[in-house]
Every structure is written in C-alpha cells, then in structure tokens.
Amino acid sequence: MKLFQEDVPFYRGNFHTHTTQSDGCKTPQEAMSAYREAGYDFLALTDHRKVTGVEQAPEGLVAIPGIELDYVLSNQWVHLLGLGVSPEVERRCMPRGSVQEGIDLIRACGGLAVLNHPAWSLNTPELIASLRGLTAAEVWNSVSTLPYNADRADASSLLDVAAAQGAVLPLMANDDTHYYEQDFARGWNMVQAWEKSVAGILTAVAEGRYYATQGPAFRQVEIIGRTVRVSCSPVERIVFYSNVPWTPDRCSIGQGLTEAVYELTDRETFIRVQLTDAQGRNAWCSPVARQWIC
C-alpha cells in the first residue's frame, strides 16, 4: 500500500485559527490575508463556539467553516475542532454536555471532529481511546509552547500511547493562531486533494490523504508485506514509531537523508514515521494500523 498517490497535488493549510470573532488578534479577513501571503492554499476559521462567516476569501485561498468546542473535566480539558460544520452547531451546542456528545454533534452538523492539543490539555490515553468518531488529533499545536504556554506543543508520545490502546488516529499539525506572532505558520498540513475546494480538502482529510509538517516533506510511504519504505526531502533523522518500545534499525541518522527502510515485527499493531531536518523541524505521517497493512 502507498499512503500518497503520485498524480494528485498537495495543498498547504491550517485547520485551527482564531479571529476577533472570539479571542484572536486579527479579523477574519486579516487572518485569511496573512495566511494567503504566507503561501497557504486553505484555512479553517475555528473560533470558540462560533462558526465565523466569510464574506470573501482572498484569491487562491479556500476558507473552510469551522468551530472549536471546549469541555472542562475534573482532571483535564478537552477541545474539539469541528471542520466543515453548518452554523446549526452553535444553536445545538450544550456547554455542559459530554465530549462524546460534542463529537456526535459535530458529525450530525456535517463536520469532521478533531481532538485539539491533547498534550497541552493533559488528556489521558484512556480518555482518547474511549472517544468514538474522531477524524484526527493534533500532533503539533504552535501556540501550546513558549512564549505563550509551557512546552506541550508536541503530542506525539501521548498519541503513541493512545494508539497502543487502540486509538490509532491520523495526525494534524496546526497553529491554533491567536497572536499571529510565534504561533503563526509553524505547523501545517499537506493535503492531497483532487480538487482545491472545501469539499475536496475535507474529503481528502476524511480519507487520510495528508501529512503534518513544520517543513520536511514526505514523498511517499509504502508498505509491502513487512517492509516499510519512506522517501522524503533531505533530513537528518527518519524514525519509525510503533507500539513496541524497542526494535532494531528503527532510526536512520545522517546528513541529507532522503530514504529509509524498516522491517515490521510480529508484535507491532501500528507504524508511523517522523522526519527531522537540520533545523530541528519535524514532519509526521499518520500511523497505519496493522489490519490495513497488506
């Protein structure tokens, strides 16, 4: 199996953005203009408990309607993105409802549900594994680190533990933009879509045709039998992660690496690949569960 198709273009975008419609520092129009000038192809406006309307997006930018729902539990917070939702979600949202009810509501209103910044929110693997109907989870969240927060931007280890408990979720990198300073254009998603439109982007996300990155690029991830083969832009580290704490030859380290190969063991229930370049920037492909490996 190949994770990416060779004849379909990639589009760059952010799925988690706040504006002056909630607690962001830019108006919706200013936010869209800033991301378009940075070379983005799509942007989701996801204000807190509000579906922000868009009068006119800048030329070349696809504006995706969205919302962020939040829940405070006894020992953790849970924030959910609703991507592609209808405005009806605002009316039906229950502030004191459960997290699962929030996911179900997003889906009932035509959207995709994403778990936001699970490391920043102190989410437990048990909670993540208990949720049903999630489309993805944020592996990187740009505002969940210095100078705005303690350094909990990277949720990869937490999501590996959740995947080992059966919650094998696709991975997103998002800015969660509020200040449009150090939280701007630091993590994004490369989505492989047949059509550059709201429907085209969201269909690709629902089907898992994307990867998360801060800069490095995946060319292909191919799994044939037990062999996992990766090709990518030049990086210094290519690491294969799974539910097994130790296996031989899972780390390739050097200068200008553009490919690596890994042999799966009998004990691995999922596999994912992480790239790191010379500047310390990462890229994450989504984990693949063993039952999908041919």
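The values are calculated or read from the model by the stated rules, or taken from the named source; none is laboratory data. The structure displayed is predicted, hence computed values, not measured ones. Here the Cβ positions follow ideal geometry from the backbone for every residue, glycine too, while neighbour counts run over all protein chains shown.
Asp266 - would you say it is closer than 26 Å to Val161 by Cβ, exposed (fewer than 14 other Cβ atoms within 10 Å of the Cβ), out of contact with any strand residue (DSSP E or B) (no Cβ under 9 Å at 6 or more places or on another chain) and not assigned by TED's automatic domain parsing to the domain that holds Tyr40? Yes: the conditions hold for Asp266.
In the set (1) closer than 27 Å to Gly133 by Cβ; (2) without any contact (Cβ under 8 Å) to a residue 60 or more places away in the chain; (3) not in a strand (DSSP E or B), the condition left unmet by Arg186 is number (1).
For region 16-31, the candidate set comprises residues that are out of contact with any Phe, Trp or Tyr (no Cβ under 9 Å at 6 or more places or on another chain) and surrounded by 19 or more Cβ atoms within 10 Å (Cβ to Cβ); within that set, the residue that is nearest to Val78 (Cα to Cα) is His16. Just so you know, in region 105-128 the residues that are small (Gly, Ala, Ser) and over 17 Å from the mean Cα position of the chain (by Cα) include one that is farthest from Glu207 (Cα to Cα), and it is Ala108.
Please verify whether region 126-137 includes one or more residues that are outside any helix (DSSP H, G or I), touching a Lys or Arg at 6+ places or on another chain (Cβ under 6 Å), over 27 Å from Ser33 (Cβ atoms) and touching a residue at least 24 places away in the same chain (Cβ under 8 Å). Yes: region 126-137 contains one or more residues that are outside any helix (DSSP H, G or I), touching a Lys or Arg at 6+ places or on another chain (Cβ under 6 Å), over 27 Å from Ser33 (Cβ atoms) and touching a residue at least 24 places away in the same chain (Cβ under 8 Å). For the residues Pro216, Pro245, Pro147, the requirement of being crowded, with 23+ Cβ neighbours inside 10 Å and outside any strand (DSSP E or B) singles out Pro216.
How many residues does region 12-26 contain that are under 21 Å from the mean Cα position of the chain (by Cα) and of a type in the set (S, T, N, Q)? The number of residues fulfilling the criteria is 3.
Number of residues in region 158-179 that are surrounded by fewer than 19 Cβ atoms within 10 Å (Cβ to Cβ) and out of contact with any Phe, Trp or Tyr (no Cβ under 9 Å at 6 or more places or on another chain): the value is 3.
Screening Pro65, Pro58, Pro87, Pro95 for residues that are within 19 Å of the chain's Cα centre (by Cα) and not acidic (Asp, Glu) leaves exactly one candidate, Pro65. The lone criterion from (1) crowded, with 22+ Cβ neighbours inside 10 Å; (2) of a type in the set (Phe, Trp, Tyr); (3) more than 18 Å from the chain's Cα centre (by Cα) left unmet by Trp140 is number (3).
Can you find a residue in region 168-175 that is under 15 Å from Gly13 (Cα atoms), among the β-branched types (Val, Ile, Thr), out of contact with any Leu (no Cβ under 7 Å at 6 or more places or on another chain) and assigned by TED's automatic domain parsing to the domain that holds Ala113? There is no residue in region 168-175 that is under 15 Å from Gly13 (Cα atoms), among the β-branched types (Val, Ile, Thr), out of contact with any Leu (no Cβ under 7 Å at 6 or more places or on another chain) and assigned by TED's automatic domain parsing to the domain that holds Ala113. Of all the residues that make up region 255-285, how many are on the phi > 0 side of the Ramachandran plot and touching a residue at least 12 places away in the same chain (Cβ under 8 Å)? Residues meeting the conditions: 1.
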